[in-house]
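For reference, the structure is listed below as structure tokens.
The values are calculated or read from the model by the stated rules, or taken from the named source; none is laboratory data. All values derive from a computational prediction rather than experimental measurement. Here the Cβ positions follow ideal geometry from the backbone for every residue, glycine too, while neighbour counts run over all protein chains shown. All accessible areas refer to the heavy atoms of the entire protein, side chains included, with ligands and DNA or RNA removed. Shrake-Rupley method; radii C 1.70, N 1.55, O 1.52, S 1.80 Å.
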Amino acid sequence: MNFPAITHIAAIGAGTMGHATALEFAVHGYDVNLIDLSDQALAKGMDLIRRDLDELYQHGLLMKEETRDDVLERFSLFTDLAAGVKDADYITESVAENLEVKKDLWKAVEEAAAADAIFTTNTSGLSPTAIADVLEKPDRFVVAHYWNPAHLMPLVEVVPGRYTSEQTVNTTVDLLTAIGKKPARLHRESPGFVGNRIQMAVIREALHIVEEGIASVEDVDTIVTYSLGRRWNILGPIISADLGGLDIFYKISTYLPQDLDNSTEPNKLLADKVAEGDLGSKSGQGFYRWTGQKGAETIARRDEELMKALVSDRQEEE
Ligand SMILES: NC(=O)C1=CN([C@@H]2O[C@H](COP(=O)(O)OP(=O)(O)OC[C@H]3O[C@@H](n4cnc5c(N)ncnc54)[C@H](O)[C@@H]3O)[C@@H](O)[C@H]2O)C=CC1
Ligand SMILES: O=C(O)[C@@H](O)C(=O)[C@H](O)[C@@H](O)CO
């Protein structure tokens, strides 16, 4: 399929991820139809967009000569899915992480969308083949998996399903590159793609360490932040192993794996938190308390460091 020049974006879902992925297209000059289920959800999404847009503006991360109003004027809001997608060349989706919800949604999208529009889902790890099974033209469907917060994290995993065409992958990679992202194209799909497989392996072992009484939640986070996190912010795990000496990593791998957590069930500490409604910053309490000054300061510090890294990326690109 030959895709037209992409000029008009539709972003379905204005929540944690959807508002930020939509904002990035608007910051880079694209008209964006923001779609959600209710005016309340759209209003909440636009509040998040204005908050994040202010952050980008204050750090000089808008396009040259652009004002915040220039960016905000590019948004059109829709609760009618068909009306929101019909003029779009590129449709991105960030709704609930539920296979049936996504399949039902994409079936409805295809009934209203242009025959040559590209379809992308921000799923954290569901199969693009399984979602695209409902489509008449599944070759135009691909995963574009962002990382939270999406407007501050450069990496997007571009994951083809069995039906996805090379043209769809190439066009998506080119578009994401054009808006300043760092797309990584996978050879093929796998549950959790790459980032979430690694992230979930780390989370599983981190919580196992706490459960076994080896270290506290705070100590695990401090240790990772000032060792692996510091190193992996510069070079990834495999190249770091090269630098450490593969013989040493091999030696450790002959005795340590049998002591690592290999459970296939969700960690009990995590399950208990969710059962108690302690969901983290979104509910005010998780393994840490997020209400009050300290929580806000932690999020502000994270965003400030991510912003500095983005500014540095931008300076390197210039
Ligand atoms: N939260 C995270 O850290 C990350 C989440 N993701 C993925 O992104 C997707 C969205 O996650 P979040 O943004 O966190 O969820 P969220 O719950 O913050 O936002 C979902 C939004 O989609 C809207 N929505 C639901 N069904 C809809 C429909 N049929 N039509 C239009 N709007 C609809 C909801 O009203 C809500 O505003 C999920 O697939 C998730 O796995 C990907 C990367 C990171
Ligand atoms: O961590 C992120 O931002 C993303 O990789 C995700 O998909 C989230 O991890 C979240 O959905 C849980 O995996």
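Can you tell me which of 107-116, 63-72 comes out highest on packing, and rank the rest after it, using the mean Cβ neighbours within 10 Å?
107-116, 63-72
With a 1.4 Å probe and every protein chain kept in, tell me what percent of the accessible surface of region 271-318 is carbon plus sulfur.
C and S fraction of accessible area: 52 percent.
Along each principal axis of its Cα atoms, how long is the chain end to end? Whole angstroms, biggest number first, please.
57, 45, 44
How charged is the neighbourhood of Asn33? Take every other residue with its Cβ under 13 Å from the Cβ of Asn33, and add Lys/Arg as +1 and Asp/Glu as -1.
Result for the local shell: -4.
Show which lysines lie in cross-link reach of Lys268 when reach means a straight Cα distance below 26 angstrom and same-chain residues fewer than eight apart are skipped.
Lys282
Given 25 °C and 0.890 mPa s, compute D for region 147-199 with the Stokes-Einstein relation, Rh being the Kirkwood radius over Cα pairs; round to the nearest whole µm²/s.
D = 209 µm²/s.
How many percent of the accessible area of region 193-267 is carbon or sulfur, using a 1.4 Å probe?
Exposed carbon and sulfur together represent 62 percent of the surface.
Using the alpha-carbon atoms, what tilt in degrees (0 to 90, nearest 10) does helix 166-178 show relative to the longest principal axis of the chain?
Taking Cα atoms only, the helix is inclined about 80 degrees.
Taking the solvent-accessible surface of protein heavy atoms with a 1.4 Å probe, what is the per residue accessible area of the chain in Å²?
Per residue, the chain has 55 Å² of solvent-accessible surface.
Ordering Glu93, Glu305 from largest to smallest accessible area (1.4 angstrom probe), what's the sequence?
Largest accessible area first, the list is Glu305, Glu93.
Using alpha-carbon positions, what is the distance between the centroids of region 17-36 and region 40-87, in Å?
Centre-to-centre distance over Cα atoms comes out at 6 Å.
Nearest 10 degrees is fine. How inclined is helix 195-211 to the longest principal axis of the chain, computing both from alpha carbons?
Once rounded, one gets 40 degrees.
Of all accessible surface on region 1-63 at a 1.4 Å probe, what whole percent is carbon and sulfur?
Carbon and sulfur: 52 percent of the exposed surface of region 1-63.
Using only Cα atoms and rounding to the nearest 10 degrees, what angle (0 to 90) does helix 99-112 make with the longest principal axis of the chain?
20
Binned at 5 Å from 0, what are the whole-percent values of the Cα-Cα distance distribution for region 193-267, short to long?
3, 13, 18, 25, 26, 13, 2
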